[in-house]
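The values are calculated or read from the model by the stated rules, or taken from the named source; none is laboratory data. These numbers were taken from a predicted model, which means no experiment stands behind them. So basically every Cβ, Gly included, is an ideal-geometry build from the backbone, and we count neighbours across all protein chains shown. Surface accessibility is based on the protein's heavy atoms, side chains included, excluding ligands, DNA and RNA. Shrake-Rupley method; radii C 1.70, N 1.55, O 1.52, S 1.80 Å.
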Amino acid sequence: MSMRGYLRSDGRKGIRNILAVAYLVECAHHVAREIVIPSRKDAHLIGFPGCFPNEYAQRMMEKLCTHPNVGAVLLVSLGCESFNRYQLEKIIADSGRPVKTLVIQQGGGTLTSIDDGRDWVAAQVVLLKQAAAVPMEISELTIGTVCGGSDGTSGITGNPAAGHAFDQLVAAGATCIFEETGELIGCEEIMADRAVTPELADELRASVKKAERYYDTLGFGSFAAGNAEGGLTTIEEKSMGAYAKSGMSAISGLIKPGDIPAKGGLYLMDVVPDGEVRFGFPNISDNAEIVEMMASGAHMTLFVTGRGSVVGSAISPVIKIAANPKMYERLSEDMDINAGRILDGHASISEVGDEIFELVKTVASGTKSKSEQLGHTEFILTYKSFEPIGPACLPI
Amino acid sequence: MNATNPNQSEITDTRLLLLSPRDNVFVLRGAIEAGETIMVSGVQVSFEARIGLGHKVARSAILAATKVLKYGAPIGSATRDIDIGEHVHIANLKSDYTATHSLEEAKTEYAIGLKGRET
């Protein structure tokens, strides 16, 4: 199967042609959700619930609404929220995408807004389906990886297998993103050794130090109760397992959510906010991490799970990699890959890694992943604040 | 260890996986049921309680305050002396970074058992 993508005005190509319906405050959420319902296969719901302005959320929404997998956008505003809908609409329009803003307070209330929105979405979906695709190379793909619902099997099966797939993707020129610096605590030195420059190595170490301080202030590590039940005892143990997702390639740079690397390679995403601790936990659940990698251009996410997460995502397909063979038996309807076979001795890490690499190409070619088939379109975006990355983070 | 048979210390149940030669813990690739007696580094060890897939047991005796090594890297420090074959988990191992949150106490307090549940 040859890969084809939808060419956007910034030169990037999408592997899907989704219509995004975005609510700009929680007060517009119901109307936006109702608009999506008749077109759920082609229109995905995203949004930001807050009424207070936030630069990070603004930037994230701008990046998500101009994501290569998005072909058109309907913005749903209540009308009095602080979100800068004028700037968002202009950025989307400037990208060449069809965009419309529905303002509920101006349009006649809930039912009128839903009807107007559904009409526009239905007409746009017809156009999106007629769009022509162009040939696409692996080197044009951006792939993210997360692990969620980790247990003692994640770090010895699914994560190293995902790392093996990452190595092949990076070798083929793709852009690969791994993240959650709070789950790299204890790995900072071995990770810094893989940086392409000594200055980047310092930035990588500093990002983990920042995560350690941040989580320390909050009183919890990035460690859920189910991790302990699954055999993981400490954050550094979970980190060593999570770190394996990054594979063995050299680390080309450090990015923050929304930064889009200009060339292929392996990038660490620093997801922990800068400055004093505000707005609570950095990422309150796994989808927040998926959303941030999408904002940096991820076409697809490799999601390794031991306990058995069932989530997918709006906009970008999620490939589910089961680390635990017992969990795979229970949740096979949700899992794309059974990396638990490594534990049973039925497959090697590289064999499963090859299988993931092949599946990435298949899903990029249009085949739906399990979570897509099941209709999962989870999305979450909350408050954060970041400083821009320093010059050493993206070496030439 | 046994001087007449240097390989004696290597005899270990096949469910116990050694990730790095430096490690002082094994990872379970399959559960050990309550009441089982198995070989751990050449020593017979009896298990009173079930230990689930993905959990760790001590490959050798580990002294209090020493580092526990998995993947060849430190994953925390022993909070007390740990016997060979003993379950290494939150009761005897703590992070050198951030404390671990678990629902073990809540589970006991509210008597939500895990009976019959496979992990």
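Given R₀ = 22 Å, FRET efficiency for B:Arg80-B:Ile11 by Cβ-Cβ distance, to 0.05?
For B:Arg80 and B:Ile11, the calculated efficiency is 0.25.
Taking all protein chains together and a probe of 1.4 Å, list A:Cys65, A:Cys80 from the most accessible to the least accessible.
A:Cys80, A:Cys65
Using a 1.4 angstrom probe and counting only protein chains, how large is the accessible area of A:Phe223 in Å², to 10?
Using a 1.4 Å probe on the heavy atoms, I get roughly 20 Å².
What number, rounded to the nearest 500 deg cm²/dmol, is the helix-based mean residue ellipticity at 222 nm of chain A, given -39500 (n - 2.57) per DSSP H run of at least four residues and division by all its residues?
-11000 deg cm²/dmol
Could you give the semi-axes, largest first, of the ellipsoid that matches chain A, computed as the square roots of 5 times the alpha carbon gyration tensor eigenvalues and rounded to whole Å?
With the √(5λ) rule applied to chain A, the semi-axes are 33, 24, 21 Å.
On a 1.4 Å probe surface of the protein chains, which of B:Asp13, A:Asp270 comes out largest in accessible area, and what is the full order?
B:Asp13, A:Asp270
Which entries of A:Lys129/A:Lys370; A:Lys41/A:Lys361; A:Lys210/A:Lys384; A:Lys209/A:Lys263; A:Lys320/A:Lys361; A:Lys238/B:Lys70 show an alpha-carbon separation above 18 angstrom in the structure shown?
Over 18 Å apart, Cα to Cα: A:Lys129/A:Lys370; A:Lys41/A:Lys361; A:Lys209/A:Lys263.
Over all residues in B:91-97, what is the mean tally of Cβ atoms on other chains that come within 10 Å of each residue's Cβ?
5
Assigning unit charges at the beta carbon (Lys, Arg +1; Asp, Glu -1) and nothing else, what dipole magnitude in debye, to the nearest 20, does the protein assembly as shown show about its Cα centre?
Here the protein assembly as shown has a charge dipole of around 980 debye.
Bins of 10 Å, beginning at zero and ending with the bin holding the largest distance: percent of Cα pairs per bin for the stretch A:97-172, please.
The percentages, shortest bin first, are 13, 23, 17, 22, 21, 3.
As I understand it, the dipole of the protein assembly as shown uses +1 on the Cβ of Lys and Arg and -1 on the Cβ of Asp and Glu, about the Cα centre. Which of A:Gly258, A:Pro198, A:Ile185 lies farthest toward its positive end?
A:Gly258
Does the stretch A:4-134 come out rounded, prolate or oblate by the C-alpha gyration tensor, with a ≥ b ≥ c the root eigenvalues, rounded set by a/c under 1.5 and, if not, prolate when a/b is larger than b/c and oblate if not?
Oblate is the answer for the stretch A:4-134, as a/c is 1.5 or above yet b/c matches or exceeds a/b.
How many Cβ atoms of partner chains, on average, are near each residue of B:49-59 if near means within 10 Å of its Cβ?
5
Quick one: of the DSSP bridges fully inside the protein assembly as shown, what percent are antiparallel, nearest 5?
The antiparallel proportion sits near 35 percent.
Residue by residue through A:306-313, how many Cβ atoms from other chains fall within 10 Å of the Cβ on average?
That works out to 1 on average.
Let me make sure I get this right: for the stretch A:35-74, a, b and c are the square roots of the gyration tensor eigenvalues over alpha carbons, sorted descending. Under 1.5 in a/c it's rounded, otherwise prolate if a/b > b/c, else oblate. Which is it?
It is oblate, given that a/c is not under 1.5 and a/b is not larger than b/c.
With a 1.4 Å probe and all protein chains kept in place, how do A:Phe83, A:Phe386 rank by accessible area, largest first?
So the residues, ranked largest to smallest area, are A:Phe386, A:Phe83.
Rounded to two decimals, what ratio of Rg to Rh does the stretch B:8-109 give with C-alpha atoms and a Kirkwood Rh?
0.96
Ignoring ligands, DNA and RNA, what percent of the 1.4 Å accessible area of the stretch A:138-393 is carbon and sulfur?
53 percent
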